[in-house]
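What follows is a short report on a single structure.
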Amino acid sequence: KQLEAYITNLCSCTIEEDLLKNTAKTLVYHFLLEKEKADGKMWFPCAEIFRTIDHSRYLQDFQKEFDRILHNLQQLCKETARTNDNLEEIILYIKENYAQNLELNNIAKKFNYNYNYLSTCFNKKMNESFSEYLNRIRIEKACEILQSSSCSIARISEMVGYSDPSYFSRIFKNHKGRTPSQWKRRNSQT
């Protein structure tokens, strides 16, 4: 809205054509640069947008093209917001289903995402990969169970989604610095 208001104001003034076009390109460039910083990727090729602005021969053509560019930028913002909402839904799904056999490929299909796109968005939002996040959630749940239950390590492994107790113990030790048995002994003594 601010871009639109600013350019509309410039169009109503007596301003040199090159200055108007360069100002519009600068504003769009900085908007896309900030969007890239926030989202981790360039959404629109600037050269294509700049070419469109440069090829506008009359003020009405320029205003029409700039309105189209703004419309595309608004759609981009809406899509980004939708992706963030869906990521929250995916994270909730993982937290509720951590004990299942979860794979990012299946989650991508379930939520209608491209696997690579979802992987990139997930890494960017969570600052860790899907498998790192899932392991962290599972290990946190395992710690809760270890502290409040007398279940065997093999049973706890199953309860948090690991079919192989030795793999579970390795992952647990990587996260907590000790095996599940050692962790339970140490935390039950304190």
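The values are calculated or read from the model by the stated rules, or taken from the named source; none is laboratory data. What you see is a predicted model; the values in this text were computed from it and never measured. Heads up, the Cβs are rebuilt from the backbone with ideal geometry, glycines too, and the neighbour counts pull from every protein chain shown. Only protein heavy atoms, including side chains, enter the accessible area calculation; ligands, DNA and RNA are left aside. Shrake-Rupley method; radii C 1.70, N 1.55, O 1.52, S 1.80 Å.
List of remarks:
- Gained length - R51 relative to Q75, 0.36 nm times residue gap less alpha-carbon distance: 6.6 nm
- Accessible area per residue for the stretch 5-114, computed on protein heavy atoms with a 1.4 Å probe, is 64 Å².
- Heavy-atom accessible surface of the chain: percent carbon and sulfur, 1.4 Å: 47
- Relative contact order %, the chain, counting alpha carbon pairs below 8 Å whose residues are six or more apart: 13
- The charge dipole of the stretch 1-149, taken about its Cα centre with unit charges on the Cβ atoms of Lys, Arg (+1), Asp and Glu (-1) only, comes to about 280 debye.
- Probe 1.4 Å, accessible area per residue of the stretch 130-190, Å²: 58
- Principal-axis tilt of helix 2-12 within the chain, Cα atoms, nearest 10 degrees: 0
- Computed from Cα positions, the angle between helix 180-189 and the longest principal axis of the chain comes to roughly 80 degrees.
- A simple spin-label model places the labels of N84 and A5 2.1 nm from each other, with each point 7 Å out along Cα-to-Cβ.
- The calculated FRET efficiency for I145 paired with I91, based on their beta-carbon distance and R0 = 30 Å, is about 0.90.
- Packing-based order for 119-125, 95-101, using average beta carbon neighbours within 10 Å, highest first: 119-125, 95-101
- Dipole axis of the chain (+1 Lys, Arg; -1 Asp, Glu on Cβ), positive-most option in Q74, C13, T26: Q74
- Top positive-direction residue, dipole computed over the chain with Cβ charges, set N97, N123, A142: A142
- Checking the Cα-Cα distances for K109/K173; K109/K141; K1/K95 against a 30 Å cut-off, the pairs over it are K109/K173; K1/K95.
- Between helix 165-176 and the chain: long-axis angle, C-alpha atoms, 0 to 90°, nearest 10: 60
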